[in-house]
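Report on one structure; see the data block that follows.
The values are calculated or read from the model by the stated rules, or taken from the named source; none is laboratory data. Predicted, not measured: the structure shown is a model, and the values here were computed from it. Here the Cβ positions follow ideal geometry from the backbone for every residue, glycine too, while neighbour counts run over all protein chains shown. The area values use the complete protein model at the heavy-atom level, side chains included, leaving out ligands, DNA and RNA. Shrake-Rupley method; radii C 1.70, N 1.55, O 1.52, S 1.80 Å.
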Amino acid sequence: MSKKEPGILVSFEGTEGSGKSTLMKRVYQLAQEASYRVIQTREPGGSTLAEKIRSILLETTMNPWTEVLLYEAARAEHTNLCIKPALERGDIILCDRFTDSTLAYQAHARGLPWKDIKTLNKMATFGIRPHLTVFLDMDPKMSLSRAQNPNRFEAEGLEFHKRVRLGFIKARSENPKRWLTLRNQKSTPEENAAVVLKHLIQRFKNRLKLNG
Ligand code: TYD
């Protein structure tokens with residue numbers, strides 16, 4: 001977590017098809033309607049070069065180390081050009097996936113060493129960590145059947161996605177206070193978005209900035 005900058009970084013995590021991107025969009029709309037200074041971005045992506053790296057990552061089969069280094073390269077660009085300046089401006093940054101996805105996918109599901117991935121995450125973010133991580137938890141069997149944009153990760157089998165989910169749960173266990181876990185079977189995206197915004201306001205009320 002960055003203590004110096006006034007902004008708030010909120011990451012949204014979950015397995016494929018869990019509905020986290022829809023949830024994030026709803027939170028963005030609600031925060032805008034309430035006049036908060038808010039931006040939305042995503043990983044891999046969020047800057048011109050990082051979006052180029054994204055298309056390579058989603059289309060090309062590669063060695064797991066090449067894969068993780070490309071995710072981290074995209075992250076270093078995105079953090080430097082988008083997240084850091086927004087934190088300095090005092091914005092709320094909603095980010096669709098961030099460092100915990102690398103722990104869940106590349107460390108826990110692909111089998112790369114957890115400790116090394118944590119070090120790479122730290123390097124690529126210059127030590128910036130999310131203030132809050134919203135985890136939309138869903139049974140991978142169900143979420144996979146809902147996934148809409150097939151990429152090579154979605155083509156991985158159920159066992160891979162079960163490991164991804166357990167990877168998120170392991171990351172959460174290392175820092176439970178940072179995480180807000182929601183389940184989407186029980187509530188609509190609108191209901192969950194209201195829960196997220198309420199949580200943000202309660203937890204960070206002294207830091208949130210309004211437009212104008
Ligand atoms: P995307 O189409 O955005 O998937 P989703 O809608 O599920 O977020 O593709 C991003 C893919 O990249 C997704 O399959 C998860 C994967 N990923 C990693 O494996 N490691 C990472 O560090 C990140 C950020 C994403």
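Numbers below:
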read-out	value
Ranking by accessible area, most exposed first, for 123, 138 with a 1.4 Å probe	123, 138
The chain, relative contact order in percent, only Cα pairs under 8 angstrom and at least six apart counted	36
Lys, Arg +1 and Asp, Glu -1 on Cβ, resulting dipole of the chain about Cα centre, debye, nearest 20	760
Calculated [θ] (222 nm, deg cm²/dmol) that DSSP helices of n ≥ 4 give over the chain, each run adding -39,500 (n - 2.57)	-15000 deg cm²/dmol
Links that overshoot a 20 Å alpha carbon limit, given the list 84/209; 186/209; 25/177; 122/209; 4/122; 84/122	186/209; 25/177; 122/209
Exposure of residue 8 as accessible area (Å², to 10), given a probe of 1.4 Å and all protein chains	0
Global form of segment 1-145, assessed from the alpha-carbon gyration tensor, a/c cut-off 1.5	oblate
Rounded to whole Hz, the Karplus (6.51, -1.76, 1.60) HN-Hα couplings of segment 125-137, x for glycine and proline	9, 6, x, 6, 10, x, 7, 8, 10, 8, 10, 8, 8
Most to least accessible of 70, 200 (protein chains only, probe 1.4 Å)	70, 200
Lysines with Cα under 18 Å of residue 162, excluding same-chain neighbours fewer than 8 positions away	20, 141, 170
Filtered chymotrypsin sites (Phe, Trp or Tyr not before Pro), segment 56-106: DSSP coil and at most 15 other beta carbons within 10 Å	none
Mean Cα-pair separation over length for segment 37-118, i.e. relative contact order, pairs under 8 Å, 6 or more apart, %	38
Along the chain, longest interval not containing exposed trypsin sites (Lys or Arg not before Pro), exposed being DSSP loop plus at most 15 other Cβ atoms within 10 Å	5-151
GluC sites (Glu not before Pro) within segment 123-206, DSSP loop, no more than 15 other Cβ atoms inside 10 Å	none
